[in-house]
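The values are calculated or read from the model by the stated rules, or taken from the named source; none is laboratory data. Not measured: the values here are computed from a predicted model. Neighbour counts are summed over all protein chains in view; Cβ atoms, including those assigned to glycine, are modelled from backbone coordinates with ideal geometry. For accessibility, only protein heavy atoms count, side chains too; no ligands or nucleic acids. Shrake-Rupley method; radii C 1.70, N 1.55, O 1.52, S 1.80 Å.
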Amino acid sequence: EKSSAMRVVLSSVASLSRRNLRSSSALSFFSSGGKEYGENIRWGILSAGKISSDFCKAIAITEGAEAAAVAARSAAKASTFADKHGISASYGSYKELLADPSVDVVYVGSIADEHARLAAQSIMAGEAPVVGE
């Protein structure tokens, strides 16, 4: 089932993220500015579409993962998505989410044509991007 596959992928990513985000080489590479990582990996979700919704459902049942923020092209869509998935922060632009210091890693759930641009923006903002397919 699609949800089970997503959960396996997310669990693997969360495990790798916890190790890599806490390692000094990863922190240096992403220039996190001394960012402290808590017990959970706090995900920022770029896009409020169907694949991002599926990803949030997987996050909700994955130990050590938390959906912390969502951004969409409109603040209203992001807010509706946040309410549906219990996400505390929502933004009407991707740039705002990328500036959120509470986000540890970013899931790029946009249309495929936007993946490279948003992944590059994430890296430039000091966030580790994970691109959805």
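At a glance:
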{"quantity": "Close pairs (7 angstrom Cβ cut-off, 6 or more residues apart or separate chains): touching a residue at least 12 places away in the same chain (Cβ under 8 Å) in region 94-114, among the hydroxyl-bearing types (Ser, Thr, Tyr) and surrounded by fewer than 17 Cβ atoms within 10 Å (Cβ to Cβ) anywhere", "calculated": "Asp104/Tyr37"}
{"quantity": "Identity of the residue in region 93-126, part of a loop (DSSP other than H, G, I, E, B) and among the β-branched types (Val, Ile, Thr), that ends up nearest to the chain's Cα centre (by Cα)", "calculated": "Val103"}
{"quantity": "Whichever residue in region 109-127 is touching a Leu at 6+ places or on another chain (Cβ under 7 Å) and open to solvent by less than 60 Å² (accessible area, probe 1.4 Å) and, among such residues, is modelled with the lowest pLDDT", "calculated": "Glu127"}
{"quantity": "Residue in region 17-34 that is surrounded by fewer than 18 Cβ atoms within 10 Å (Cβ to Cβ), modelled with pLDDT of 90 or more and in a helix (DSSP H, G or I) present", "calculated": "no"}
{"quantity": "Looking only at region 38-92, and only at residues there that are part of a strand (DSSP E or B) and among the aromatic types (Phe, Trp, Tyr), the one that is most open to solvent (accessible area, probe 1.4 Å)", "calculated": "Tyr91"}
